[in-house]
Amino acid sequence: MMMRAMVRLAAGVSLLALAGPALAQGATPVAGDQAVAATGAGDAGAIDDIVVTAQKRLESIQSVPIAISAFTGATLIQRQIEKGIDLQLAVPNLILVGNDRPTLRGIGNNAISSTAENGTATFTNGAYVGGRPENEFYDLARIEVLRGPQGTLFGRNTTGGAINVVTAKPTSELGGRISATYGNFNSVKVDGAVNVPLGDVLQERVAGYYLRRDGFTVNEFNGHKIDSRDQYSIRSSTRLVVGDDTEANLVVQYYSESDSRSRENKRLCKATAVLGCSPNELGFDSPNAQATVFQRLLAGFFTGTVFPAGGNIYAGAPNPTDLRRVAADTDPTFKADELLATFEVVHKFGDYSLTSLTGYSRATTEANTDYDNAALPFRFLKPITYEASRGNIVTTDQLLTTDSFIAKGHTFTQELRLASNTGKAFDFTVGGFYLKSSGSASFEIWHPALELAAIAFGLPPASRHFINESPKSTTESYAAFGEAYLKLSERTKVTAGLRYSHDDKFIRTRSILLAPPPAFTEASTASGRVTGKIAVDYKADFGFTDESLLYASFAHGYKAGGLNPGSNVARTFKPEIVDAFEAGIKNQLAGRTVQANFTGFYYDYKDLQLGQRINGGAVTSNGSARILGAEAEFLWVPTRAFRANLNLSYLDTRINSFLTVDAANPAQANPNVPPVVITPAVTIDLGGNELPYAPHFKVNAGAQYTLAVGGTGWNATLRGDYTNQSRYFAREFNTPNDRIASWSLVNALLRFDSPGDRYGVELWVKNIGDKANITNSIIEDAQVGSYRNVRVLEPRTFGVTARANF
């Protein structure tokens, strides 16, 4: 049904295209997804292909048998795609969990383990060094989003797909650009790039940006605006050209941030006995204190000394009913920095090329939050002295509590590959890959109840707050891969590839909660897997299309397994496996003024990694699921002045039989014991449930029109974009509180460009309806009442941007 509807829609778009030239006349070309051709007769439109590296070689996007969404640097600016939050609006079946972890076609990261990795990997210039998708995009050549397993050439952890961010290269021309933006929330952003040729051999490009704005959320307790931004990044790109056959590109990028970015935006809870918050209803209450460990510790051991008889730590705690307003006695703080580098050397000899690609990244993150998300009216009977946050000793009758997440890590990768480009019946790519990464992470909670209890129990200072720490975790991976391209005829080609990947993982970890510090638990695991793909594509001549490519493929994808150190349930969890069957057609019609691409797919999702919270801890287990879906992408350029795009996607996911425990299940809690104790475990079957973050439907539509401004030589472009996404679930349990309601978004801009695009001014607005769309929900532990922390898309923002090219 879905594919039939898409075909009918394509036919409708084609018919409209035949009448399109009557809609707009007389404007100059406009750059875009596939740049409007600068040549051609009169005002007729045409679509040029983007050149992508989806198969680690330069190819037209319409000739690659892979479902790809690609955006040039010009398109990113035109469609206001400034960061990952915006990218998810423009790509079928892409959603960002927490606005920083990409999930494609329902595959991302559902594990709870510091040794787990995302199933949709992020690359920079083809190197597996990641990058922060929540940060600003700047000075890019393009972004390529490859949907479906990419386990042959891109490797491990691409069961969902791959996102490749390609930075702009230096050129042989002296010049640059600069832009300055001012918007509401006192938003100031400056970004630019300078290109400096240093002779015929050496070229240099320096780019960067700075962003500062007030927060989108108001803390009513102190009047501060939180979830602000104060960040910058700078990038050096150096290009060395040695003759006609050898080229080297070194990219070094540094990023820094220090502000009040919030991990989540709002606490939601409908208070109820036993669990603290209802598992079936959300509201603006605080948890029922009697269901929390902290209330029971204070009331059970300190009533009459520092805790008032009948006291309730959450009594009267405000929680504003506006999703963009909170009441917390401490503001969040966020610090991060990242150094990222890629170094690519390409040497050509005849019809062959040898490529060395090196990647390196080093990053640190520290996020601090008010742990109870509340400004508590509660007061102790007398002032007490305790540690309210790391190194912050206070003497007060207030109950102050914070949590901290700290992570450090670095990654080194090396890839070497040999490729042929004979243009004959057979070509190939072969290579090897190596990765080594190490890091540390800790999550800590400071609460006076924990400190008072630890002192009363005679525990050492290290036990006076909760800590889950992994001072060392490492991954070492290597792979060998090859892909062959066999032309059976001028129209038919077969692509076949294999890859062997091997992963060794190690972790040292421990948790401290009201007990003497235990010895660190060490665990390691090793796994290897052969992955690969086979695809057949056929260049069809239907008569009514200018160009068509039909393709069908099978891919076997692999995501590395990991460790559950200290778990009595399972010490390790298996690698994820996806067997993906896909078929599609890519078309250009109506004199190449219409592009219509369709994809259908079915996944057999084996050993799905699902993280479960059990007995106050976390363990990741393996299940299975099936996924099927369809996608359609349209681009229509009937004239040089008008262009429109439309993306549609459908997704249906089902978990197979999987027995587990939901800590938020009312049957789990025993009202006579602290909620950390679960007696007995109540198992439920997730069979038939949907995967998290897998909406059934998604629509993205946009259009722009350019016209001349009188006889000034200036052009004006008006553009609008609309996105609608159906409801989905934040957890695999699919409870009423897991449900994320459908949401939509409308953006618009008006741009003026001078002759030759020397100068430009842009008036823009995002989220015109100022909708508070919840996109993510995290359930907190039963020990603190099982409340939900939700993330909300940005409110209505608007401003003006001035640009200059030189």
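On the basis of the beta-carbon distance and an R0 of 45 Å, Phe405 and Tyr602 show a calculated FRET efficiency of 0.75.
Could you compute the net charge surrounding Arg796? Neighbours are other residues with a C-beta less than 10 Å from the C-beta of Arg796; K and R count +1, D and E count -1. Neighbour charge sum, excluding Arg796 itself: 0. Label positions at Arg491 and Val252, each projected 7 Å from the Cα along the C-beta direction, are separated by 5.4 nm. Computed with a 1.4 Å probe over protein heavy atoms only, the accessible area of Phe798 comes to about 100 Å². Note on Lys408: accessible area is roughly 120 Å² with a 1.4 Å probe, heavy atoms of protein only. Derived scalar couplings between HN and Hα for segment 539-554 equal 7, 8, 10, 8, x, 8, 10, 7, 7, 9, 10, 9, 8, 9, 8, 10 Hz in order, rounded to whole Hz, by the Karplus curve 6.51 cos²θ - 1.76 cosθ + 1.60 (θ = phi - 60°), x for Gly and Pro.
The Cβ shell under 13 Å around Arg751 holds other residues with a net charge of 0, Lys and Arg each +1, Asp and Glu each -1. With a 1.4 Å probe and all protein chains left in place, how much of the accessible area of the chain comes from carbon and sulfur atoms, in whole percent? The C+S portion of the solvent-accessible surface of the chain is 59 percent. Using the Cβ atoms and a cut-off under 11 Å, what net charge is assigned to the surroundings of Asp191, where Lys and Arg are +1 and Asp and Glu are -1? Every neighbour counted, the sum reads +1. FRET efficiency for the Arg758 to Arg325 pair, using the beta carbon distance and R₀ = 41 Å, is estimated at 0.40. Take the Cα of Glu476, step 7 Å toward its Cβ, do the same at Thr395, and the gap between the two points is 5.3 nm.
With the Cα gyration tensor of segment 150-190 giving a ≥ b ≥ c as the square roots of its eigenvalues, does the rule (a/c under 1.5 for rounded; else a/b larger than b/c for prolate; else oblate) give rounded, prolate or oblate? In terms of gyration-tensor shape, oblate.
Note on Ala462 and Asp245: the extension gain reaches 72.1 nm, defined as 0.36 nm multiplied by sequence separation minus the Cα-Cα distance. Figure legend: label point modelled 7 angstrom from the Cα of Arg796 along Cα→Cβ; residues of segment 209-233 with amide N under 19 Å from it are 214-218.
Note on Leu750 and Leu354: the extension gain reaches 138.0 nm, defined as 0.36 nm multiplied by sequence separation minus the Cα-Cα distance. Rolling a 1.4 Å probe over the protein heavy atoms leaves Phe520 with an accessible area of roughly 80 Å².
Which of rounded, prolate, oblate describes segment 575-650, given a ≥ b ≥ c as roots of the alpha-carbon gyration tensor eigenvalues and a/c under 1.5 marking rounded, otherwise prolate only if a/b is larger than b/c? Prolate. Between Leu58 and Lys539, the simple spin-label model (points 7 angstrom out along Cα→Cβ) gives 1.9 nm. When shorter helices are ignored and each DSSP H run of at least 4 residues is given -39500 (n - 2.57), the per-residue value for the chain at 222 nm works out to -2000 deg cm²/dmol.
At an R0 of 45 angstrom, the distance between the Cβ atoms of Gln290 and Tyr182 translates into a FRET efficiency of 0.35. Note on segment 176-222: Cα-Cα pairs beyond 16 Å make up 58% of the total pair count.
Looking at the chain, the accessible area is 38 square angstrom per residue; that uses a 1.4 Å probe and ignores ligands, DNA and RNA. The overall shape of segment 91-248 is oblate: from the C-alpha gyration tensor, with semi-axes ordered a ≥ b ≥ c, the ratio a/c is 1.5 or greater and a/b is no larger than b/c.
For the residue pairs Lys189/Lys698; Lys436/Lys559; Lys169/Lys436; Lys335/Lys559; Lys698/Lys766; Lys83/Lys606, the C-alpha atoms sit more than 23 angstrom apart in Lys189/Lys698; Lys169/Lys436; Lys335/Lys559; Lys83/Lys606. You can think of it this way: the chain between Leu514 and Asn421 has 27.1 nm of extra reach, that is 0.36 nm per residue less the Cα-Cα gap.
The values are calculated or read from the model by the stated rules, or taken from the named source; none is laboratory data. Everything numeric in this text was worked out from a predicted model, so none of it was measured. FYI the Cβ positions are ideal-geometry reconstructions off the backbone, even for glycines, and counts take in every protein chain you see. With ligands, DNA and RNA removed, areas are computed over all heavy atoms of the protein, side chains included. Shrake-Rupley method; radii C 1.70, N 1.55, O 1.52, S 1.80 Å.
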